[in-house]
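Written below as structure tokens is the structure these notes are about.
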Amino acid sequence: MRKEPYAEQPVYRLRHSTAHLMAQAVTELYPGTLLGIGPPIDNGFYYDFDLPIPIGEEDLKRIEKKMHEIAKKDEKIERFELPRPEAKKYIEQDLKGDPYKLELLDDIPPEETISFYKQSGFVDLCRGPHVERTGKLKHFKLLSIAGAYWRGSEKNKMLTRIYGTAWETAAELEDYLHRVEEAKKRDHRRLGKELGLFMISQEVGSGLPMLLPKGATVRRLLEEYIRVVEEDAGYQHVQTPALGKAELYRTSGHLTHYSSNMYPIMDLDGEEFVLRPMTCPHHFMIYKSEVRSYRDLPMRIAEPGTVYRYERSGVLSGLMRVRCFTINDAHCFITPDQIKEEIKHHVKMLEQVYDKLQIPRDMYWYRLSLPDLSDKEKYHGNLDMWELAEIELRAAMDEISADYMAVIGEAAFYGPKIDVELQDALGREESASTIQLDLLLPERFDMHYVGEDGKEHRPVVIHRAPIGSFDRMMAYLIELYGGAFPLWLAPVQAVVLPIADRHVEYANGVRQQLRSAGLRVEVDDRRETVGKKIRDAERQKTPYILVTGDKEIEANAVSVRQHGAGDQGSMSVGDLVGKMHSEL
């Protein structure tokens, strides 16, 4: 099983309290500052400020110094609670009418306790939890400063957000700061530009990256690989349009629950259409195009489907957060008694894919989101089916000994699901792939199959995507590999470097022999020194660098350098092909 949730870990309290410590330091250094929110986040914390004057990165050391001064006083951190009217009066009088805190107060549900935390002369509206004294806050570092709209809306004021990190020991802090530096070197946005993988043009639009030839090759190789894996697993591939009638998405519930992430409805010849945020309704129509028998199930259909989702400008980031992307989507239509085996099938496929991508097993785990069946408002419908789904999901995960954490009450409204939590270079976790059990949409779309008894029955649908978004997975892999793709996925597997112009013809012949063997090869025939060509090829992280000169032509061979392994000596083209194929 997975470790306890982040919010229950001691370091969560530590970081929450360090966010308050930073807020106290900022308000003392910059009188008149108003406070937004300051939560713990993965590996750290942030706080949003409405400052009376602009500040920059150069001010972080000053704030950090003030934080250490306050922490050394070892002030007690105290919680106190107030009824809503008194809490409002307290904010208006003692917190100088901070409009952000008054807005947050209004959003607290009537049944929830209203609490404040006090340390020395600093008080903040907060539900906690916190450490007992400021003296426990020792190992922290302020990292960066950025702009952030209040509550994430472009309609609100831009505030100043300061990010920091905090740890229980000096060694943990030092290790994390080292990882931050390593992560900067691996940033997919920087490497994507340096390696010629993708670009973003403001003339095209934010959040709409374009893959360059090398990036498009990586994407094609991923798609080709997953297509073969799916075909071997009994999937049939389909292709559906990125546009659909709005009524499809009213039926699915997306226009009700997800409209803020969708693009506006278009009126075409008097009919309403939308750019799809998911492929599900299209695949459901394919299922319904014929009468299905229990003998046809499981029916598995897959598609690399392009979808469109509105992401706020403040969260757009390279290939990681975009407005148009392609998902490795599939829908499996099954009978209720096939749930367990089908879930096992999907988890095994996902692990096969992750192994191929060289994602270590200790860098991901499974989050099993289950229903709280006492919540009749969220989890309605056939409760027997909900209970069966939970039993089958747990049994599947237990039978394959998967590392998972079950979370009650976090299932989607349409069914329980398994999310793959993937860890990046900084140890941050984000849902990357998903296996979702759907008990609701088969009913909404009135899907049936004819059972062994000759009667109509309702299928269960599994939504799954082992790659998830190809775009996001590419960003993750660029950072995981540091840009040095494994040979099978490298956009250019070898580059041939002729030493002088008289060696170019031979170099082109070598390229042709390697390409005939199914390898991706280029020739660098620039009039540069071979040393510079080698350095450039190393910077491009090309797996194999092949030098050709007089000696190589005479021996009908090439001098081989391998990225990360150095000089491999001279070998014939045939031996090189054998070596590369063996590695592949």
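The values are calculated or read from the model by the stated rules, or taken from the named source; none is laboratory data. Note that this is a predicted model, so its numbers are computed, not measured. Here Cβ is always computed from backbone atoms with ideal geometry, including for glycine, and neighbour counts include all displayed protein chains. Surface accessibility is based on the protein's heavy atoms, side chains included, excluding ligands, DNA and RNA. Shrake-Rupley method; radii C 1.70, N 1.55, O 1.52, S 1.80 Å.
Observations, loosely collected:
- Protein heavy-atom accessible surface, 1.4 Å probe, per residue over the chain: 48 Å².
- For Leu159, the residues whose modelled amide H falls within less than 5 Å of its own, excluding neighbours fewer than 5 places apart on the same chain, are Ala148, Tyr149, Trp150.
- Phi angles across region 230-247 convert, under the Karplus curve 6.51 cos²θ - 1.76 cosθ + 1.60 with θ = phi - 60°, into 3J(HN,Hα) values of 5, 4, 5, 8, x, 8, 10, 9, 10, 9, 10, x, 7, 10, x, 5, 4, 4 Hz, Gly and Pro given as x.
- Lysine-lysine proximity count for region 99-242, Cα under 24 Å, sequence distance 8 or more or distinct chains: 13
- Residues whose amide H comes within less than 5 Å of that of Tyr263, counting only those at least five positions distant or on another chain, are Leu275, Tyr310 (H built at 1.01 Å from N in the peptide plane).
- Accessible surface of the chain, 1.4 Å probe, proportion on carbon and sulfur as whole %: 48 percent
- Positive dipole terminus of the chain, leading residue within Tyr117, Gly128, Val495 (C-beta point charges): Val495
- Each Lys and Arg Cβ is given +1 and each Asp and Glu Cβ -1; about its Cα centre, region 334-477 then shows a dipole of about 360 debye.
- Applying 1/(1 + (r/R0)^6) with r as the Cβ-Cβ distance of Lys96 and Asp398 and R0 = 41 angstrom yields a FRET efficiency of 0.15.
- Size of charge dipole - the chain - debye, nearest 20, with Cβ of Lys, Arg +1 and Asp, Glu -1, no other charges: 1660 debye
- Placing a pseudo-label 7 Å from each Cα along the Cα-to-Cβ vector at Glu341 and Glu387 gives an inter-label distance of 2.5 nm.
- In straight-distance terms, cross-link reach from Lys344 covers every one of the lysines whose alpha-carbon lies under 16 Å from its own, apart from those fewer than eight places away in the same chain; here that gives Lys417.
- 5 Å-binned pair-distance histogram of region 398-541 (Cα, whole percent): 2, 7, 11, 11, 11, 10, 8, 8, 7, 7, 6, 5, 4, 2, 1, 0
- Rounded to the nearest Hz, the phi-derived 3J(HN,Hα) couplings of region 518-535 under the Karplus curve 6.51 cos²θ - 1.76 cosθ + 1.60 (θ = phi - 60°) are x, 9, 9, 9, 10, 10, 9, 9, 4, 7, 10, 5, 5, x, 5, 4, 5, 4, where x marks glycine and proline.
- Near the amide H of Tyr404, within less than 5 Å, lie the amide hydrogens of Arg2, Tyr366, all on another chain or at least 5 residues away, with H placed in the peptide plane.
- Using θ = phi - 60° and Karplus 6.51 cos²θ - 1.76 cosθ + 1.60, couplings along region 413-423 (whole Hz; Gly, Pro as x): 5, 9, x, x, 8, 10, 9, 8, 8, 10, 9
- Ordering 56-68, 491-503 by mean Cβ neighbour count within 10 Å, with the highest value first, yields 491-503, 56-68.
- Ranked by solvent-accessible area (1.4 Å probe, protein heavy atoms only, all chains present), the residues Lys340, Lys185 order from largest to smallest as Lys185, Lys340.
- Over region 384-440, the pair-distance histogram of Cα-Cα distances with 10 Å bins from zero comes to 20, 51, 24, 5, 0 percent, rounded to whole numbers.
- Given the alternatives (i) 36, 34, 24; (ii) 50, 25, 23; (iii) 46, 38, 22, semi-axes √(5λ) of the Cα gyration tensor in Å as computed for this entry is given by (iii).
- Extension gain, His257 back to Glu86 (0.36 nm per residue minus Cα-Cα distance, nm): 58.0 nm
- Extension gain from Ser313 to Lys245, taking 0.36 nm per residue of separation minus the Cα-Cα distance: 21.8 nm
- Compared with the alpha-carbon gap, the fully stretched path from Asp567 to Glu410 is longer by 51.2 nm at 0.36 nm per residue.
- Spatially close Lys pairs in region 449-577, defined by Cα atoms under 23 Å apart and a spacing of eight or more places or different chains, total 4.
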